Amino acid sequence: MPDPTALDSSKSGDNAPRPANGPSRLLLPRYRRDDVDAHPPLLSPGYKSTVLRAPAEPLVLLPHTLTEITGPLLGEGRITAADADLTRHPNGEAQGQRIIVHGQVRDSDGRPVPDTLVEVWQANAGGRYLHKLDQHDVPLDPHFTGVGRATTDATGRYRFVTIKPGAYPWRNHFNAWRPAHIHFSLFGRAFTQRLVTQMYFPDDPLFPYDPVLNSIPDQAARQRLIANFDLDNTVEEWALGFRFDIVLRGREATPMEES
């Protein structure tokens, strides 16, 4: 999350707040520079859909003013503990290997980011999403929606209970299979700051063949997308534990999908 720096309010709109004493200044966020190779390029020909959706013209920067960095806000009481357990359903329990995914969200200075919304979505144990466009010929799990959400606590920590997703074919190229992964969405301090990434599992044999993961130029950055097996948070005879820490910005940033 940001370190505040003073910017001239005249560049941020006529309605920028003006302190009672002192010059007209507006505090807006500034981040440490990300590693240039930490994020995938918008155009990665090996990942075929980027050829269709990558912008053909240079991007236009739209600086955030006070309106964007202060709202809209999530609001208290909208997230419950049940939202973070993807294995529970009113009519039964999801099928598959139960896992615990937890970690800490940090800013570019290593400080925890509390009270931020973390959302996940994933395929079921057979590698199929609950989505009309997913026609993979494995059964849907009637007790698994594949979506969950949580807010980080005062120390920036989150925790989900879910099942390990299966690999699935995706027709990007001949015999193309995506490694098992979980999608993450984080909102920072406001919804306009949304970041999206993916978490992978250790030692997946599909890593060398996945153009999504390998669109990230830097090998060390790719490793930051792979969760660590966590025996300390494994619950005996119940669920395996995996730790996935997320750094929002800076040179150690978790690689994020560009949108």
Mean Cβ-within-10 Å packing, highest first, puts peptides 80-90, 55-65 in the order 80-90, 55-65
In whole angstrom, the spacing between the Cα centers of segment 198-227 and segment 152-171 equals 15
Yeah, segment 127-259 with a ≥ b ≥ c from its alpha-carbon gyration tensor (a/c under 1.5 is rounded, else prolate when a/b outruns b/c, oblate otherwise) is rounded
Treating only Lys and Arg (+1) and Asp and Glu (-1) as charged, each at its beta carbon, one finds that segment 88-242 has a dipole about its Cα centre, in Debye to the nearest 20, of 460
Contour minus Cα-Cα span, L59 to N91, at 0.36 nm per residue, comes to 6.8 nm
A correct fewest-to-most ranking of H181, H39 by other Cβ atoms within 10 Å would be H39, H181
For segment 123-161 the trypsin sites (Lys or Arg not before Pro) that pass both the DSSP coil test and the at-most-16 other-Cβ-within-10 Å test are K132
So for R0 = 35 Å, FRET eff. of T155-L130 from the Cβ-Cβ r, to 0.05, ends up at 0.60
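Just so you know, all these numbers are worked out from the coordinates, no wet-lab data involved. Note that this is a predicted model, so its numbers are computed, not measured. For neighbour counting, all protein chains shown are included, and Cβ atoms are generated from backbone atoms with ideal geometry for every residue, glycine included.
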